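Every number here is computed from the coordinates shown, using simple stated rules; none is lab data. The structure presented is a predicted model; accordingly, all values stated were derived computationally and were not measured. In this analysis, Cβ positions are derived from the backbone assuming ideal geometry, glycine residues included, and neighbour counts consider all displayed protein chains.
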Amino acid sequence: MFGNVTVDNPRYYLPPAEAGPKTYSLLQHLFPQHVTPERLYLETKWGSLISYQKTADLLRYVLPIAAKLMGTTVQQHLHAVVEAQEQQLPAEVASFQGICQRDREAVPCLPRPLVVGLNGGYVRHWHKKSCFEVIAGKSIPAEGAAKCFGFVQEVDAKPRRRVFEVLRSQGIQANQSVEFFTDGASILRSLTSYLGAKSRHILDWFHLTMRMTVLNQYALGVVQVDATGGRRCRKA
């Protein structure tokens, strides 16, 4: 992290084989990108918050890093870290709380539920002249800091696993109640299914108000045709 360090890198010859590499390098195995984990941490942390070029400029400013560090290098390092994390993500399963009822009841119940807000929005891809949907959420536990997460629904192969791993990192228990607040879309409802034994889907107040407003406007239109029926619709 504090500049370039020259290290002897012995290369060992492997027994002859028909396929596979002929030599082996220990440092190449430990540091395939020739970058220390500390620097990768800073590049990944800052590169996910600001632009890649600004990250490179900031690293050159605060650390004795070579001037040849560019934004594209930070981008490549960040993508490599993300791909390595993706490979560590477990497989998608039907139910994430696969324990028996007896073991679930043995776990002490928490007084407050874990609250998760989910919403989706479309982002325009200006180069391809198309749109893609981004799912963003925020998980708020009873104790501890909240966590934000997001992913592209059409690209992510493990969306439900990703949401569950966020909840597990916050200490979700098998019998803990989880409340999901969404806009009622079927995609969001499918994400929340079978993530917890006591999970509950709730339509948030904003989208509930929008639907009630539409129904009220419909009732006002009915009044113009049928005054008695329109008043009954508004009262209902």
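Given springs between every Cα pair under 10 Å in a Gaussian network model of the chain, which of A185, A19, A157 has the largest fluctuation?
Ranking A185, A19, A157 by mean-square fluctuation puts A19 first.
Going by C-beta contacts inside 10 Å, put T36, T6, T209, T192 in order with the fewest on the left.
Ordered from fewest to most neighbouring Cβ atoms within 10 Å, T36, T6, T209, T192 come out as T6, T209, T36, T192.
Please work out how much length the chain gains when fully extended from Q53 to M212, using 0.36 nm per residue of separation minus the C-alpha to C-alpha distance, in nm with one decimal.
52.5 nm
Using 0.36 nm per residue of separation minus the Cα-Cα distance, give me the extension gain between R189 and V35 in nm, one decimal.
Value of the extension gain: 51.3 nm.
If you fit an axis through the alpha-carbon atoms of helix 52-62 and take the longest principal axis of the Cα set of the chain, what angle between them do you get, 0 to 90°, nearest 10?
Taking Cα atoms only, the helix is inclined about 50 degrees.
Need the full-extension length gain, I202 to H127, defined as separation in residues times 0.36 nm minus the C-alpha distance. One decimal, nm.
Using 0.36 nm per residue and subtracting the Cα-Cα distance, I get 23.3 nm.
Mind sorting out which of (i) 21.7, 79; (ii) 25.9, 92; (iii) 17.2, 52 is the real Rg and Dmax of the Cα atoms in Å computed from the coordinates?
Only one listed value fits the structure, namely (ii).
Within the stretch 121-178, which trypsin sites (Lys or Arg not before Pro) sit in a loop by DSSP and count at most 11 neighbouring Cβ atoms inside 10 Å?
Listed in order of number, the matching sites are K128, K129.
As a test of the formula, what do you get for the chain when each DSSP H run with n ≥ 4 contributes -39,500 (n - 2.57) and the sum is divided by the residue count, at 222 nm and rounded to the nearest 500 deg cm²/dmol?
Helix contribution divided over all residues of the chain: -12500 deg cm²/dmol.
Nearest 0.05, what FRET efficiency do A19 and Q87 give at R0 = 25 Å with Cβ-Cβ as r?
The pair A19/Q87 has a calculated efficiency of 0.65.
Quick one: check the C-alpha center-to-center distance for the stretch 177-220 versus the stretch 49-78, whole angstrom.
42
Please list, in order along the stretch 132-142, the HN-Hα scalar couplings obtained from phi with the Karplus expression 6.51 cos²θ - 1.76 cosθ + 1.60 (θ = phi - 60°), rounded to whole Hz, x for Gly and Pro.
9, 8, 10, 9, 10, x, 9, 10, 10, x, 5
List the aspartates and glutamates whose alpha-carbon lies under 14 Å from that of K68, not counting same-chain residues fewer than 8 positions away?
The qualifying aspartates and glutamates are D57.
In the stretch 162-184, which residues have a backbone nitrogen under 18 Å from the label point lying 7 Å from A145's Cα in the Cα-to-Cβ direction?
166-172
Send over the per residue convex hull volume for the stretch 169-236, Cα only, as a whole number of Å³.
108
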